[in-house]
Structure formats: structure tokens, C-alpha cells
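Encoded as C-alpha cells, here's the structure I'll be asking about.
The values are calculated or read from the model by the stated rules, or taken from the named source; none is laboratory data. This one's a predicted model, so the numbers in the text were calculated from it and none came from an experiment. A quick note on method: Cβ atoms are made from the backbone with ideal geometry, for glycine too, and the neighbour counts reach across all protein chains shown. For accessibility, only protein heavy atoms count, side chains too; no ligands or nucleic acids. Shrake-Rupley method; radii C 1.70, N 1.55, O 1.52, S 1.80 Å.
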Amino acid sequence: MRIIGHREPAARGVCVRDRWAREHRPGGRRTALPRAAGAEGNPAPSGWAGPRPARWAGPPRRALPLTAAAPPPGGRAGGACAERASRARAGLGACRAERSGRRSAWAAAAAAEAAEAAACAMAPAADREGYWGPTTSTLDWCEENYAVTWYIAEFWNTVSNLIMIIPPIFGAIQSVRDGLEKRYIASYLALTVVGMGSWCFHMTLKYEMQLLDELPMIYSCCIFVYCMFECFKMKNSVNYHLLFILVLFSLIVTTVYLKVKEPIFHQVMYGMLVFTLVLRSIYIVTWVYPWLRGLGYTSLGIFLLGFLLWNIDNIFCDSLRNFRKKMPPIIGVATQFHAWWHILTGLGSYLHILFSLYTRTLYLRYRPKVKFLFGIWPVILFEPLRKH
């Protein structure tokens, strides 16, 4: 509120005395204010009970305390004047109190804003919000949120999923060209769906995208289990009993997980499927095709290394974040162990598909060979058995 017409107390005191003089001038002539008694040539008026200074020193420089002395002559008019002066003083005090309160409120708001700005500047990057808004997922990993770009919540955890998206697409295309069974095409595409779901989850940290990441992990592992247990059957055969069990298992896991929303439940179910795959792989490389130990154990070792880094990222998250603050960014990127989990498990899952496909084509009397594209990426090239 803007205060208009503000005066200092001394100026108001003089104004009050002038107004009192105007109200009490007889016959339109202005009468002088009563002078201080006791000075030479200044006799005290009758009934004046105020203080007696030594001499008259001219007009007062500050307001006289009207309530401390007897009211000036004039009775009702003097009392009204004193009452108005009291109200004016009270109004001025209220205005001062209000202005002081507003200044205090402004100062408090400024201090709070400064504290909030300082807190935002000093807060860890994990507390930032970006394009996708607040986090709604039940999991938030160790990578600092929106630290690289405003559009991706966990940048390195997102882009590391490319290894689960691009190579399996080419694997599915090659399987179609080679006329392989649909189960292996489904295995490649399932791994691609997992990578795409994980990309969406880590990019947004939304609960719906989390389900798009975690549930396909269960479905893809069920496809892998089916392929591993059907390696030694006739071509294009279908095991309806195993298929029914795996579909039922997927439905139960999906229903319970949507109900309880407990990540540990999902991790335990996923671990059970992975453990089943490990046992079946060990059986094959031990009792059926021992010369496939290299491919089988490489797939298993890479996957387990990714699982180890995943646990380190979860257990020592605070220490890793503090370490990244002190190190150059390029070293900090190397400590994004959840991104390494994506890379290693994506590569391990891809190699597992190759291992399953190699086992199957050996049984069908194909002649598979593992080749490396550009000397880096493994693929299986084979040709059917020659007819004589």
C-alpha cells in the first residue's frame, strides 16, 4: 500500500497548533497562541496550568504533548482537536507498523528466494526435473537425473540400450533370410523390445515406461527358455505343454506385479528364469556339445559381470556420486555401472541367442560358423546340409 501525505511528527505538531488558532480567532481575527508564562512581557493566561519555561523562544519546533497538559482554552473545540491529533498519531503508528510489516515480509520473501536459489544450485543433479516432469516410477537408478540434457532423465542409462535394439534387429532380418524357425526370430525381436522399453523407462522415469521395460524382460526370458528346451526336437515342432506353462507363468507374474508394484518380486522372478537358462546351458556344454563351452561360458560370464556391476551401482551409489563430483566427466561416465549392466547383459543375451541357435542348427545338421563383422561383432553364418 502506498502512503500519501506523510509528515514528520514536528511538522504535524505545528499544523495542529495552527489549526487550533484558526478555530479560535474571534471576529475573524486570528488570535495568538497562548505564550509560555513567567517570561518578561508574557503574563500567563487565567486557567493555564502548563509548564512555565523561562522565556518565550518563538514558535515551537516540535509538537507539544497535548495529552500531557491541560486542554487549551475553548473547551469542546480544543478537546476535538486533541482527539483528532491522537487519531492522527494512531494512524501514523498503524501505517508505520504496516510498512514495517511489509518490509519484514519482503525481506523474508527475498531471503527465502535466495535460500531456494542457493539450494537449487547446490542440490545434486538427481533432484532436478526436466522435460518429462516428476518421477513416477518405483525405481530411480544411481545416475544423476537430467544431468546431460533436459530431455533425457538418465542419459547414459538410456543410450546404452542401443546394443539391445540395433544388433537384434539385424539378427531377426538375417534369420528370416535364412529361413530359421520363428522362435528365433521372436527371440531377437523380444530382445529389441526389451531395449526399447528400457530406453523409454530411463528417458522418462515414468511408471508406465517402467512396466514397458520390466515385463518384456520376463516375456523374452520365457522365449529363451522355450528355445533352449526345444533344441533337440524335430524341425518346426511345437511343445504345447511347455508353451502353456510359460504363458501361464508370464500372466501370473504380470498380474501379481501390477497388483503389488514391488520391484523385488520382479527381480526374483527374472532371476528364476535366468537361473533356469544357466542350468540348461551348463547341461548342453557338459553332456551334449562340449565344444560349445567357449560360446556358452562367454555368454554366461559377460552376463554375470553385468550383474556384478548392477549390484555395485545399487549398493555404493552414494560413494559413486561423490566420486563423480571430484573426477573429470569422462571418468565419471565410466562409473555409470547401470549403463554397463545394459551393455553387458545386452551382449550376453545376444550371445545366448547365438548359443541356442548354434545348438539348434547343429542338431538339424546345418553347418554353423561364428563370424565377426568388422572384426568386432559376432554373427552366425551357416548353410543347410547338402543333398547327395
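Is one or more of the residues making up the stretch 279-292 crowded, with 21+ Cβ neighbours inside 10 Å, out of contact with any Leu (no Cβ under 6 Å at 6 or more places or on another chain) and not β-branched (Val, Ile, Thr)?
Among the residues of the stretch 279-292, at least one is crowded, with 21+ Cβ neighbours inside 10 Å, out of contact with any Leu (no Cβ under 6 Å at 6 or more places or on another chain) and not β-branched (Val, Ile, Thr), which makes the answer yes.
Among (1) in a helix (DSSP H, G or I); (2) at pLDDT below 95; (3) out of contact with any helix residue (DSSP H, G or I) (no Cβ under 9 Å at 6 or more places or on another chain), where does TYR283 come up short?
Status for TYR283: all satisfied but (2).
Mind listing whichever residues of the stretch 231-262 are modelled with pLDDT under 95 and within 26 Å of MET164 (Cα to Cα)?
CYS231, LYS261, GLU262
Residues checked against (1) surrounded by fewer than 21 Cβ atoms within 10 Å (Cβ to Cβ); (2) at pLDDT below 95:
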residue	(1), (2)
GLY271	yes, no
ILE312	yes, no
ASP318	yes, yes
GLY332	yes, yes
ILE343	yes, no
HIS352	no, no
LYS369	yes, yes
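Let me ask another. Quick check on my filter: what residues within the stretch 195-218 are crowded, with 18+ Cβ neighbours inside 10 Å and of a type in the set (Ser, Thr, Tyr)?
Matches in the stretch 195-218: SER198, THR204.
Pick from LEU320, LEU347: which is in contact with a Ser or Thr (Cβ under 7 Å, 6 or more places away or on another chain), touching a residue at least 24 places away in the same chain (Cβ under 8 Å) and closer than 23 Å to ASN161 by Cβ?
The unique qualifying residue is LEU320.
Just give me the residues in the stretch 298-310 being open to solvent by 70 Å² or more (accessible area, probe 1.4 Å) and among the aliphatic types (A, V, I, L, M), in sequence order.
LEU304, LEU305, LEU308
So, one more: When you scan the stretch 373-383, how many residues do you find that are open to solvent by 100 Å² or more (accessible area, probe 1.4 Å) and modelled with pLDDT of 90 or more?
Our first condition is that a residue be open to solvent by 100 Å² or more (accessible area, probe 1.4 Å); within the stretch 373-383, this holds for 374, 376.
Subsequent filtering for residues that are modelled with pLDDT of 90 or more retains none.
Going through the stretch 373-383 one residue at a time, the tally reaches 0.
Would the stretch 295-303 turn up any residue that is in contact with a strand residue (DSSP E or B) (Cβ under 9 Å, 6 or more places away or on another chain), under 24 Å from SER220 (Cβ atoms), in a helix (DSSP H, G or I) and touching a residue at least 60 places away in the same chain (Cβ under 8 Å)?
Yes, some residue in the stretch 295-303 is in contact with a strand residue (DSSP E or B) (Cβ under 9 Å, 6 or more places away or on another chain), under 24 Å from SER220 (Cβ atoms), in a helix (DSSP H, G or I) and touching a residue at least 60 places away in the same chain (Cβ under 8 Å).
Using the structure shown, decide if THR254 is surrounded by fewer than 20 Cβ atoms within 10 Å (Cβ to Cβ), assigned to a helix (DSSP H, G or I) and in contact (Cβ under 8 Å) with a residue 40 or more places away in the chain.
Values: surrounded by fewer than 20 Cβ atoms within 10 Å (Cβ to Cβ): yes; assigned to a helix (DSSP H, G or I): yes; in contact (Cβ under 8 Å) with a residue 40 or more places away in the chain: no.
The answer is no for THR254.
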